[in-house]
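Worksheet: one structure, shown below.
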Amino acid sequence: MKTVKHKILVLSGKGGVGKSTFSAHLAHGLAEDENTQVALLDIDICGPSIPKIMGLEGEQVHQSGSGWSPVFLEDNLGVMSVGFLLSSPDDAVIWRGPKKNGMIKQFLRDVDWGELDYLIVDTPPGTSDEHLSAVQYLAGAHIDGAVLVTTPQEVSLQDVRKEISFCRKVKLPIIGVVENMSGFVCPRCRKESQIFPPTTGGAEVMCQDLKIPLLGRVPLDPRIGKSCDKGQSFLVEAPDSPATSAYRSIIQRIREFCDLHPPEGASLVPS
Ligand SMILES: Nc1ncnc2c1ncn2[C@@H]1O[C@H](COP(=O)(O)OP(=O)(O)OP(=O)(O)O)[C@@H](O)[C@H]1O
C-alpha cells in the first residue's frame, strides 16, 4: 500500500442504491486522465458486481512473481474482484467472516498494485466484516476517506446515518455523501419528477444536520443500467446526460479533497 497515494472507500447503508455503479464511474472518470494510475478493488465478496459493470466478466487473475496482478481494463485502470477467482459468475461464495477477512487482507497485501494515484474500494452494503477488515488492514496506510452513497428515501438515509456513525467510530474521514437516483428528468417533456420523494429533506438536510459535505446528486437515467450491463462507461456513452455532468462534478470534488489531504509524507503545493 506504500505505493498507493490515495485510498477511497465507497460505502452505503443499503444495497441497490448505486454504490458499485458509482465506484465504477469514479474509477472511469479518474482514469480518463491517462497520466493518473487508478485501481478499483471490489470487496463485496458475496456479491461481486464490478467485473460485470466494468465489462470484465469471465476474466481471471494472473499470478506473477510479485503477487496477483489486477485485470487491466486500460493501461492505467486495473480491477480486482473475488469475481475473477470464481469459475462461473453464477457461483455463490458462502464464506464466514474469517475467510472473507483473509481474502481482503490478500487483496490489500498480496496484489501487485504498482504505483497508484487512486485505489477505489467498493464495499458491500452496511457495516460488516468486510468494512472492518479493510479499515483495519489499511489503518497504518492512510485512508483518504469514505464516500457514502444513498438514495433520497428515508429508509436509505437512516442506514447512511449508521455508516456515518461507523466512520466516526473507526476514525475514517468522510469525504462526503452522494445522493443517487435523485429525481428523473423526462427525456420527452423535460419535466423533473421525484421518483423517491424524500420525507425529511433528503441527503441535503441530513448533511447539514451532521455537518458533512453533500458531494452532489446523480439523477436517475435508465441508460445507466444499460451501460453497466454492457460493461461500458456511462460517462463516455452519454456525455450529454445530466447524470454524467453530476458524476463529473462529484469526481472533481473528490479529486480536490484528495489534493487537499495529501498522503503522509507529501507536502501541499501552494496553488
Ligand atoms: N442514477 C442511476 N440511474 C439509473 N439507474 C441506476 C443509477 N444508479 C444505479 N443504477 C442502477 O441501479 C442498480 C443498482 O446499482 P448498483 O448495483 O450499483 O447498487 P449497489 O448499491 O452497489 O448494490 P449492492 O450493494 O446491493 O451490490 C443497477 O442496475 C444500476 O445500473
Within the chain, percent of DSSP bridges classed antiparallel, to nearest 5: 20 percent
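Per-residue counts of other Cβ atoms within 10 Å, averaged by peptide: what ranking do you get for 19-32, 203-216, 181-194, highest first? Walk me through the intermediate numbers first.
Numbers: 19-32: 24.2, 203-216: 17.0, 181-194: 12.7.
Averaged packing, sorted descending, gives the order 19-32, 203-216, 181-194.
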Local net charge near G201, Cβ-Cβ under 12 Å (Lys/Arg +1, Asp/Glu -1): -4
Environment charge of E32, counting only residues whose C-beta is closer than 15 Å and scoring Lys/Arg +1, Asp/Glu -1: -4
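Take the Cβ-Cβ distance between V170 and K230 as r, set R0 to 35 Å, and report the resulting FRET efficiency rounded to the nearest 0.05. Let's see the in-between values first.
On the way: r = 37 Å, r/R0 = 1.05.
For R0 = 35 Å, the calculated efficiency reads 0.45.
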Debye, to nearest 20: dipole size of region 1-93, +1 on Lys, Arg Cβ, -1 on Asp, Glu Cβ: 460 debye
Virtual paramagnetic centre 7 Å along Cα→Cβ of T200, amide N under 17 Å, in region 138-163: 149-163
Cα gyration tensor shape for region 99-157, rounded if a/c is under 1.5, else prolate or oblate: prolate
Cα gyration tensor, the chain - rounded (a/c under 1.5), prolate or oblate: rounded
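About the Cα centre, and with charges only on the beta carbon of Lys, Arg (+1) and Asp, Glu (-1), how big is the dipole of region 148-271? Nearest 20 debye, please. Intermediate values should be presented prior to the final figure.
Details: 16 positive and 14 negative charges, 18 e Å.
I would put it at about 80 debye.
Treat every Asp and Glu Cβ in the chain as -1 and every Lys and Arg Cβ as +1, leave all other atoms uncharged, and give the resulting dipole magnitude about the Cα centre to the nearest 20 debye. Write down the numbers at each step before the final one.
Details: 27 positive and 33 negative charges, 172 e Å.
Charge dipole of the chain: 820 debye, to the nearest 20.
What value, in deg cm²/dmol to 500, does the helix sum -39500 (n - 2.57) over DSSP H runs of n ≥ 4 give at 222 nm once divided by the residues of the chain? Working shown, then result.
Values: 9 runs with 98 residues, N = 271.
The helix contribution divided over the chain gives -11000 deg cm²/dmol.
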Rounded, prolate or oblate (a/c below 1.5 giving rounded, otherwise prolate when a/b exceeds b/c) for region 159-271 by Cα gyration tensor: oblate
For region 1-149, the spread of Cα positions along each principal axis, largest first, Å: 38, 31, 28
Residues E237 and R188, FRET efficiency given R0 of 22 Å [Cβ-Cβ distance, rounded to 0.05]: 0.65
Distance between region 162-205 and region 8-53 - C-alpha centres, whole angstrom: 18 Å
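Over the chain, what relative contact order in percent results from Cα pairs under 8 Å that are six or more residues apart? Please report the intermediate quantities before stating the final value.
Details: 520 pairs, mean separation 67.3, N = 271.
Worked out over the chain, it gives 25 percent.
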Local net charge near D229, Cβ-Cβ under 15 Å (Lys/Arg +1, Asp/Glu -1): +1
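A short reminder: the numbers here are calculations on the coordinates, not readings from a lab. As the structure is a prediction and not an experimental result, all values here were calculated from the model. Neighbour counts are summed over all protein chains in view; Cβ atoms, including those assigned to glycine, are modelled from backbone coordinates with ideal geometry.
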